[in-house]
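What follows is a short report on a single structure.
The values are calculated or read from the model by the stated rules, or taken from the named source; none is laboratory data. From a predicted model like this one, the values you see are computed outputs, not experimental measurements. Don't worry about glycine lacking a Cβ; one is built from the backbone with ideal geometry, like all the others, and counts go over all protein chains shown. SASA here: full protein model, heavy atoms, side chains in, ligands and nucleic acids out. Shrake-Rupley method; radii C 1.70, N 1.55, O 1.52, S 1.80 Å.
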Amino acid sequence: MDHSGHGMTMDLPPFTLGRGLAWSADPFFLIACLLGLALYGWGVVRLVRRGDKWPVGRTVAYVAGVLSVALMMCTKLNDYGMVMFSVHMVQHMVISMVSPILLLLGAPITLALRALPPAGRGRKGPRELLLMLLHSRYMRIVTHPAFTIPLFIASLYALYFTPLFDTLMGSQAGHIAMMVHFLAVGVVFFWPIMGVDPGPHRPGYLMRMLELFAGMPFHAFFGIALMMASSPMVETFKNPPASLGIDALSDQNAAGGIAWAFSEVPSVLVLLALLFQWYASEERQARRSDRAADRDGDKELAAYNAYLASLNTRGG
């Protein structure tokens, strides 16, 4: 069955959740997910073997993030997402807003910096190259809100409301590139806001909240625009396969509702993570202040005792 005039053949029965979750692996994402899990597992095992601790919660978050990518790209959801706007929007929202949050909570860069062995003097190994990238001008630019917020917004409006989307959906390579882009945009947007890993741009907690809410209204407006449209707006999904038994406009309205709803859910998750991180940071600062006060008190006591000793010596 022809898919929107792009020469791609797809014959799918009416969509159900059980059928959508059936196994249908995209080789690129399957290999990427397995590699991501293997490298993370190697890092955790390396730390544990040398007696270091790694929070279980971080491992759970990272694995959940990788599995969320696999769920979207390595099941029949990916096949249905090629011909149904609503299923595609679920993929987009999860890949760009849920997976990045979970992956960032897993702190993969921190794990890599702790697990990778340092190279010898005057040499540059993987750890040194990673540090160079973290401190590079390129990384300062791509994680700055003046770059991440417009990119986050443009990934919706400039993609779906121009012929670029249809061009990318016309080939397997284009579709993969688009999904990788969604994931990368989500990572660079959320990393400075709530990422555990060190980064070149790390504002205060109030500023992070402002950055979070700066992009979300545009996300909601995008969803509303799709919901209120009186005709199909994306060429790719104008003529869904007859076997699906769906109406293109109704499916587009559903896609808009999904985009609108997803602007709320990740915001709550990130806000909770931010508040927890803020509280933990304040607790650490308080403990440091208490230790500093104790040290100062000990110094004052020692100085007073020395003064008393000197008085006794003079008296003697």
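For G215, state whether it is small (G, A, S), touching a residue at least 60 places away in the same chain (Cβ under 8 Å), within 14 Å of Y157 (Cα to Cα) and open to solvent by less than 40 Å² (accessible area, probe 1.4 Å).
Details: small (G, A, S): yes; touching a residue at least 60 places away in the same chain (Cβ under 8 Å): yes; within 14 Å of Y157 (Cα to Cα): yes; open to solvent by less than 40 Å² (accessible area, probe 1.4 Å): yes.
In short, yes.
Yes/no matrix, rows are residues, columns are (1) touching a Gly at 6+ places or on another chain (Cβ under 9 Å); (2) surrounded by fewer than 12 Cβ atoms within 10 Å (Cβ to Cβ):
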| residue | (1), (2) |
| --- | --- |
| A229 | yes, no |
| M233 | no, no |
| A255 | yes, no |
| F276 | no, yes |
| E282 | no, yes |
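State all residues of region 139-170 that are closer than 20 Å to F189 by Cβ and of a type in the set (S, T, N, Q); if no residue qualifies, say none.
Hits for region 139-170 are T143, T148, S155.
Anything in region 161-192 that is in contact with a Leu (Cβ under 8 Å, 6 or more places away or on another chain) and among the aromatic types (F, W, Y)? List them, or say none.
F165, F189, F190, W191 - these are the residues of region 161-192 that are in contact with a Leu (Cβ under 8 Å, 6 or more places away or on another chain) and among the aromatic types (F, W, Y).
Restricting to region 86-115, name every residue that is over 28 Å from D251 (Cβ atoms) and of a type in the set (S, T, N, Q).
The answer is T110, and nothing else.
Given the conditions (1) of a type outside the set (V, I, T); (2) without any contact (Cβ under 8 Å) to a residue 12 or more places away in the chain; (3) in contact with a helix residue (DSSP H, G or I) (Cβ under 7 Å, 6 or more places away or on another chain); (4) within 22 Å of A70 (Cα to Cα), and given that G106 satisfies all but one, which numbered condition is not satisfied?
(2)
From A64, A38, A32, grab the single residue that is in contact with a Leu (Cβ under 7 Å, 6 or more places away or on another chain), within 26 Å of Q172 (Cα to Cα), open to solvent by 30 Å² or more (accessible area, probe 1.4 Å) and not aromatic (F, W, Y).
Details: A38 fails: in contact with a Leu (Cβ under 7 Å, 6 or more places away or on another chain); A32 fails: in contact with a Leu (Cβ under 7 Å, 6 or more places away or on another chain).
Matching residue, one of A64, A38, A32: A64.
I need a count of the residues in region 43-54 that are part of a helix (DSSP H, G or I) and surrounded by 13 or more Cβ atoms within 10 Å (Cβ to Cβ). Full working, then the answer.
First, pick out the residues of region 43-54 that are part of a helix (DSSP H, G or I): 43-49.
Now restrict to residues that are surrounded by 13 or more Cβ atoms within 10 Å (Cβ to Cβ): 43-44, 46-47.
Total satisfying the criteria: 4.
Would you mind stating whether S136 is more than 30 Å from S243 (Cα to Cα) and open to solvent by less than 10 Å² (accessible area, probe 1.4 Å)? Steps first, please.
Details: more than 30 Å from S243 (Cα to Cα): yes; open to solvent by less than 10 Å² (accessible area, probe 1.4 Å): no.
Against the criterion (more than 30 Å from S243 (Cα to Cα) and open to solvent by less than 10 Å² (accessible area, probe 1.4 Å)), S136 does not qualify.
Condition test on S243, is it of a type in the set (G, A, S), open to solvent by 60 Å² or more (accessible area, probe 1.4 Å) and at pLDDT 80 or above? Please lay out each step first, then the result.
Working: of a type in the set (G, A, S): yes; open to solvent by 60 Å² or more (accessible area, probe 1.4 Å): no; at pLDDT 80 or above: yes.
Spelling it out, it is not the case that S243 is of a type in the set (G, A, S), open to solvent by 60 Å² or more (accessible area, probe 1.4 Å) and at pLDDT 80 or above.
Please list, ordered by first then second residue, the pairs with beta carbon atoms under 8 Å, 6 or more apart or interchain, first in region 52-73 and among the acidic types (D, E), second open to solvent by 40 Å² or more (accessible area, probe 1.4 Å).
D52/R114
Need pairs with beta-carbon distance below 9 Å; first residue within 16 Å of C33 (Cβ to Cβ) and open to solvent by less than 50 Å² (accessible area, probe 1.4 Å) and within region 171-183, second modelled with pLDDT under 95 and acidic (D, E); sequence gap 6+ or separate chains.
Matching pairs, first to second residue: I176/D26; M179/D26.
What are the residues in region 63-99 that are among the polar types (S, T, N, Q) and not in a helix (DSSP H, G or I), if any?
Taking region 63-99 and keeping what is among the polar types (S, T, N, Q), we get 68, 75, 78, 86, 91, 96, 99.
Residue satisfying the conditions is T75 alone.
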